[in-house]
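Since the structure comes first, as structure tokens, the remarks are kept for the end.
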Amino acid sequence: MFDESLLDNPDGLSRADLHGLLRGAAESGARVRTAARNAAEAGVGGLRPDGRPRTVLVAGPGPAAGSTADLLAAFAGDSCPVTLIRPAGVAPAPGALRWALPGWTGPLDLLLVASPDGTEPGLALLLEQASRRGSSVVTVAPAGSPLAEATVQARGLAIPLTTTPYEAAMADRGNGGSGGILGDTSDSVLPTGPGTLWSLLTPLLALGDRIGLLGAPPAALESLADRLDQIAERCGPAIATYSNPAKTLAAELADTLPLIWTEGELAAAAGRRFARVLAALAGRPALAGELPEALTAHGTLLAGAFAAGADPEDFFRDRVEEPEALHARVVLLREREPAVTSPIPAARELALHRDTPISELEATEGNSPLETAAELLAITDFAAVYLALASTP
């Protein structure tokens, strides 16, 4: 059940936010600045690349790695292929996954590994594979973690992951420290906060700029941090729902099946990220698709059991004790005002024809690609957090 009144109760939101998710989202700009500084201190600025790599391979545990690869691919465009490496199975070591490089990987390729905790033993073996094949290796992981140490052994570049003191304290409490917020459930896993993406992504943006993969000089990263700060002010818990785009979106998505339709490469990456965050933080299913293909892929959902007017049962039955059925809601994410050839009007027409409500989010005109991504990602991250905090089992 979704308690919309909680959205305009900052104290209530604070009490419900046991894992510090709102604070993590609000600190994204500060994370970008610190992560950029950490990347510079790790030696990214001193690299002397021999041109762009043939292919960039990205690996890492959890949904953050997928979002990182998606965004790097969107920023790189046609300059270089960016490929996500997924686990190929379970390794013999307890709790380890098996990772494997593509057979063609060699000295012309670059392996990037992004890990929030740096403890996955299978990734250390992946670094060994890359080292044997002569590939360059860069990791973003906590300083002193097994993955960071394995990077040094593989003669790669280890960039320390940016964390905040508050985040470290929350993790310690959640893992059984004094006054644990999870009580005796020490085996529970704290959710990965929204700010973690920027801790992982920012050093790789700086690296990508250095090797000519994308444009993210120090000034652009500072503008990115400034934009994240501005969005945090617009979407903060003290801002009322009627003027807060994240709270508005959260309220619109309550008790719905979001169909996230996107136009543009950055919007597509943000849409897939939104679907992952809705599942991971709010426990809500969502489907992401790129236009115009999404019109065909999801069109049947707007006419079947998830349609706005679908209710196969008796209209006069007592619904007081029954949960409300999920109905589809279209969420349009776009990078700019639709062009003449845009599929956005067709998407609106299809949704309206099927009596399906629509939410729309468009980045501010004139943004750089980094600022466009920041706007789409930050607002949807805040919306997922509000949806999670205002929902009860």
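Rule-based calculations on the coordinates, nothing more; no lab input. Predicted, not measured: the structure shown is a model, and the values here were computed from it. Here Cβ is always computed from backbone atoms with ideal geometry, including for glycine, and neighbour counts include all displayed protein chains.
Would you please give the residues with an amide H less than 5 Å from that of Ala288, counting only those at least 5 places away or on a separate chain, with H modeled from the backbone geometry?
Sorted by chain and number, the residues that satisfy this are Ile260.
Treating only the Cβ of Lys, Arg, Asp and Glu as charged (+1, +1, -1, -1), what charge dipole size does the chain show about its Cα centre? Round to the nearest 20 debye.
For the chain, the charge dipole is close to 1540 debye.
Given only helices, namely DSSP H runs of n ≥ 4 each adding -39500 (n - 2.57), what is the per-residue ellipticity at 222 nm of the chain, to the nearest 500 deg cm²/dmol?
-13500 deg cm²/dmol
In whole Hz, with x marking every Gly and Pro, tabulate ³J(HN,Hα) for region 346-359 from phi via Karplus 6.51 cos²θ - 1.76 cosθ + 1.60, θ = phi - 60°.
5, 5, 4, 5, 4, 4, 5, 4, 9, 6, 9, x, 10, 10
Per-residue counts of other Cβ atoms within 10 Å, averaged by peptide: what ranking do you get for 38-45, 350-357, 107-114, highest first?
107-114, 38-45, 350-357
Of Pro142, Gly103, Ser67, which is farthest towards the positive pole of the chain's charge dipole, taken about the Cα centre with +1 and -1 on the beta-carbons of Lys, Arg and Asp, Glu respectively?
Gly103
Would region 240-389 count as rounded, prolate or oblate if I go by the C-alpha gyration tensor, calling it rounded below 1.5 in a/c and otherwise prolate when a/b exceeds b/c, oblate otherwise?
oblate
Roughly how far apart, in whole Å, are the Cα centres of region 249-294 and region 21-87?
22 Å
Based on the mean of other beta carbon atoms within 10 Å per residue, what is the order of 277-287, 236-246, most packed first?
277-287, 236-246
Which GluC sites (Glu not before Pro) does region 322-393 hold that lie in a coil by DSSP with at most 16 other beta carbons within 10 Å?
Glu324, Glu365
Quick check for me: using +1 on Lys/Arg Cβ and -1 on Asp/Glu Cβ, what's the dipole size of region 220-307 about its Cα centre, in debye to the nearest 20?
So the dipole magnitude of region 220-307 works out to roughly 280 debye.
When all C-alpha to C-alpha distances in region 7-133 are sorted into bins of 10 Å, what percent of pairs does each bin hold, rounded to whole numbers?
Going from the shortest bin to the longest, the percentages are 11, 31, 33, 18, 7, 1.
Taking amide H positions as placed in the peptide plane 1.01 Å from N, state which residues far from Leu84 in sequence (5 or more) or on other chains have amide H under 5 Å from it.
Val58
In the chain, what percentage of the DSSP-assigned beta bridges are antiparallel, given to the nearest 5?
Within the chain, antiparallel bridges account for around 10 percent of the total.
Binning every alpha carbon pair distance of the chain at 10 Å from zero, what are the percents per bin?
5, 22, 31, 26, 13, 3, 1, 0
What list of ³J(HN,Hα) values in whole Hz, one per residue of region 53-70 in order, does the Karplus curve 6.51 cos²θ - 1.76 cosθ + 1.60 (θ = phi - 60°) give from phi, with Gly and Pro shown as x?
Going residue by residue, I get x, 5, 9, 9, 9, 10, 9, x, x, x, x, 4, 5, x, 5, 4, 5, 4 Hz, with x marking Gly and Pro.
Please compute the contact order of region 240-389 in relative form: average sequence separation of alpha-carbon pairs under 8 Å and at least six residues apart, divided by the residue count, as a percent.
It comes to 35 percent, rounded to a whole number.
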